[in-house]
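In what follows, a single structure is set out as structure tokens and then discussed.
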Amino acid sequence: MNKNSRSIWELANPKRFVSIANWIVPFLTIFTILCMTIGIFWGVFFTPDDYRQGSSVKIIYIHVPSAFLAVNIYIMMIVTSIIWLIRRHHVSLLAAKAAAPIGLTMTLVTILTGAIWGKPIWGTYWAWDPRLTSFAILLMFYIGYISIWSTMEYNEKVGDLSALICIIGSIFALLSRYAVLFWDQGLHQGASMSLDKEENISNVFYLPLLFCLLGFFSLFLTILLIRTRTEIRIRRTNSLMRTKLEK
Amino acid sequence: MKTSIHILKYAMSFSSAGRSLFLSTSFFIIVILTASIGMSQFGVSTNKISVTILWISLALSALLSVEIIFQTDYEDGTLDWFMLSPISLESIIVLKALTHWVITCLPMIILTPILCIPLGISFESSMWILLIMIIGTPAISFISTIGAALTLGERGSNLLLSILILPTFLPILVFGIKISLLVINSIYDYVAFFILLAFSLVCIAITPLITSMIIKVHYT
């Protein structure tokens with residue numbers, strides 16, 4: 001392989017990863033603040049009320065991006081876990097470890113905002129609708145993944161176990177989701193924005209939502225980079241301490 | 001050939017089988033009796049709750065007795081010996097799971113028609129529930145081996161085990177509970193019945209592979 005060729009695997013070097021993260025985090029922070037301010041202010045103050053739902057519709061500017069992240073962070077964790085199992089890059093494993101609490105928070109935010117919206121519109125905080133059930137299932141698998149890290153000390157064996165748990169969890173989460181979907185299709189409306197459909201929600205709501213999605217996504221990236229950097233430093237400190245103790 | 005049979009026979013003998021059988025069955029009986037005494041305060045029979053309690057307590061007592069599968073083998077070195085033996089680890093895991101099913105799930109399934117009386121489920125539907133449990137519970141035993149392998153070498157990790165494994169029982173529990181409820185209301189949904197069977201068979205097919213992967217992680 002050409003020594004000068006640049007590839008994504010360069011980031012597998014913890015030192016290189018930290019230096020790139022150091023460089024990129026300030027820009028991402030500014031970008032996040034800009035996007036979220038524009039998106040949320042525009043969405044909350046400068047869009048008309050919905051003709052049926054009134055002002056409560058504005059909660060979608062938090063609900064939709066966090067739901068989008070909650071699902072996609074788990075997918076990201078599966079991908080990084082598989083990369084860890086195949087290529088044994090510690091950064092990949094540490095990224096999965098760092099992403100899990102963010103995903104858990106996003107799941108909780110989704111459930112909470114959904115409950116606040118559901119009370120006036122559906123008349124209930126919680127219903128056993130398939131989509132809501134999927135989020136309850138997601139919550140359980142996030143808790144499972146985090147608990148295996150919190151009970152055991154960091155080493156390669158625990159890394160393997162947590163990666164396997166993440167992959168097994170995804171299989172059973174999907175199975176559970178379709179088991180629940182088998183009997184009823186539920187109360188929750190379908191997706192109102194997608195790339196392949198003719199009719200999306202109207203542009204008045206669509207543009208600020210796009211800003212919010214972008215803002216939440218870069219918020220996730222920022223926190224993920226900071227947390228992964230911290231995990232790398234913790235790991236380095238621990239190995240330094242161990243070598244010092246052995247001497 | 002003779003050695004293989006000997007190894008397989010050895011894999012099926014659990015040192016603490018009798019104690020575990022007694023404990024898991026007692027746990028099942030105690031949970032159901034406590035719950036039905038609590039429910040009797042309603043004054044009306046609530047089939048939805050009783051069926052759920054039946055399945056959840058079955059899953060919990062199968063899960064909590066999972067330590068017998070690998071724990072002693074891991075501690076006295078038998079598991080190392082299994083890994084060195086000419087028999088593949090997967091087939092040993094299949095045998096272990098089947099033995100676990102016979103020791104913990106089968107007694108509970110046999111007790112189910114009797115325990116349906118305090119729960120207020122009629123005898124005819126309890127026989128149907130028994131059949132559904134025979135179809136569904138092998139999956140519970142097989143999935144439990146994943147948990148047993150995960151918490152290998154860590155005594156007293158029952159809580160972690162429940163957190164990790166109980167959510168994976170969901171497909172089986174959802175279908176088992178729903179079909180049992182339908183049967184109580186005299187609706188026989190054969191499609192759902194076969195899907196439960198399919199879930200069970202899928203679990204039997206894939207979990208030995210996953211479990212052997214996890215056990216190998218402990219030995220690298």
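The values are calculated or read from the model by the stated rules, or taken from the named source; none is laboratory data. Just so it is clear, the structure is predicted and the values come from calculations on it, not from any experiment. Cβ atoms come from the backbone with ideal geometry, glycine included; neighbour counts cover every protein chain shown.
Count of region A:28-56 residues, restricted to those that are over 26 Å from A:THR228 (Cα atoms), free of Cβ contacts under 8 Å to residues at least 12 places away in the same chain and assigned to a helix (DSSP H, G or I), is 3. If you go through region B:59-85 and keep only what is more than 21 Å from B:LEU209 (Cα to Cα), within 12 Å of the chain's Cα centre (by Cα) and in a helix (DSSP H, G or I), you end up with B:ALA59, B:LEU60, B:SER61, B:LEU64.
When restricted to residues that are small (Gly, Ala, Ser), assigned to a helix (DSSP H, G or I) and surrounded by 13 or more Cβ atoms within 10 Å (Cβ to Cβ), region B:8-39 contains 6.
Of all residues in region A:190-213, those that are at pLDDT 65 or above and among the basic types (Lys, Arg) total 0.
Cβ separations smaller than 9 Å between residues 6+ apart or across chains give the following pairs from region A:132-150 residues that are within 15 Å of A:GLU231 (Cβ to Cβ) to residues that are assigned to a helix (DSSP H, G or I) and aromatic (Phe, Trp, Tyr): A:TYR145/A:TYR74.
Using the structure shown, decide if A:ALA95 is under 30 Å from A:MET140 (Cβ atoms) and either at pLDDT 90 or above or surrounded by fewer than 14 Cβ atoms within 10 Å (Cβ to Cβ) (or both).
yes
With respect to the conditions (1) closer than 24 Å to B:ILE93 by Cβ; (2) crowded, with 22+ Cβ neighbours inside 10 Å, B:SER180 lacks only one, and its number is (1).
Could you list all residues from region B:187-220 that are within 11 Å of chain A (Cβ to nearest Cβ), in a helix (DSSP H, G or I) and either among the aromatic types (Phe, Trp, Tyr) or touching a strand residue (DSSP E or B) at 6+ places or on another chain (Cβ under 6 Å) (or both)? If the condition is that a residue be within 11 Å of chain A (Cβ to nearest Cβ), in a helix (DSSP H, G or I) and either among the aromatic types (Phe, Trp, Tyr) or touching a strand residue (DSSP E or B) at 6+ places or on another chain (Cβ under 6 Å) (or both), then B:PHE199 is the only one that fits. Every condition in (1) modelled with pLDDT under 60; (2) within 27 Å of B:ILE177 (Cα to Cα); (3) exposed (fewer than 14 other Cβ atoms within 10 Å of the Cβ) holds for A:LEU187 except the one numbered (3). Screening B:THR207 on (1) under 14 Å from B:VAL66 (Cα atoms); (2) surrounded by 24 or more Cβ atoms within 10 Å (Cβ to Cβ) shows it passes everything except condition (1).
With respect to (1) part of a helix (DSSP H, G or I); (2) at pLDDT below 90; (3) farther than 30 Å from B:MET213 by Cβ, the lone exception for A:ASN2 is condition (1).
Please determine whether any residue of region A:125-133 is more than 19 Å from the chain's Cα centre (by Cα), over 22 Å from A:TYR61 (Cβ atoms) and not in a helix (DSSP H, G or I).
Just the residues of region A:125-133 that are more than 19 Å from the chain's Cα centre (by Cα), to begin with: A:125-130.
When the remaining residues are screened for being over 22 Å from A:TYR61 (Cβ atoms), the result is A:127-128, A:130.
Now restrict to residues that are not in a helix (DSSP H, G or I): A:127-128.
Taking every residue of region A:125-133 in turn, at least one turns out to be more than 19 Å from the chain's Cα centre (by Cα), over 22 Å from A:TYR61 (Cβ atoms) and not in a helix (DSSP H, G or I).
Check whether at least one residue in region B:97-117 is in contact (Cβ under 8 Å) with a residue 40 or more places away in the chain, in contact with a Ser or Thr (Cβ under 6 Å, 6 or more places away or on another chain), of a type in the set (S, T, N, Q) and part of a helix (DSSP H, G or I), and report yes or no. Yes, the conditions are met somewhere in region B:97-117. The set of residues from region A:161-182 being facing chain B (nearest Cβ under 7 Å), in contact with a Leu (Cβ under 7 Å, 6 or more places away or on another chain) and over 13 Å from B:VAL174 (Cα atoms) comprises A:LEU161, A:ILE165.
One line per residue, one yes/no per condition, for (1) of a type in the set (Val, Ile, Thr); (2) within 12 Å of another protein chain (Cβ to nearest Cβ); (3) in a helix (DSSP H, G or I):
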| site | (1), (2), (3) |
| --- | --- |
| B:GLU124 | no, no, yes |
| B:ILE135 | yes, no, yes |
| B:ILE140 | yes, no, yes |
| B:SER144 | no, no, yes |
| B:ALA149 | no, yes, yes |
| B:GLU154 | no, yes, no |
| B:LEU164 | no, yes, yes |
| B:ILE172 | yes, yes, yes |
| B:ILE177 | yes, yes, yes |
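Can A:ILE146 be described as within 13 Å of chain B (Cβ to nearest Cβ), modelled with pLDDT of 90 or more and within 30 Å of A:SER19 (Cβ to Cβ)? Yes; evaluated as a whole, the condition is true for this residue. For region A:123-143, the set of residues classified as at the interface with another protein chain (Cβ under 8 Å from one of its Cβ atoms) and of a type in the set (Val, Ile, Thr) consists of A:ILE137, A:ILE143, listed by residue number.
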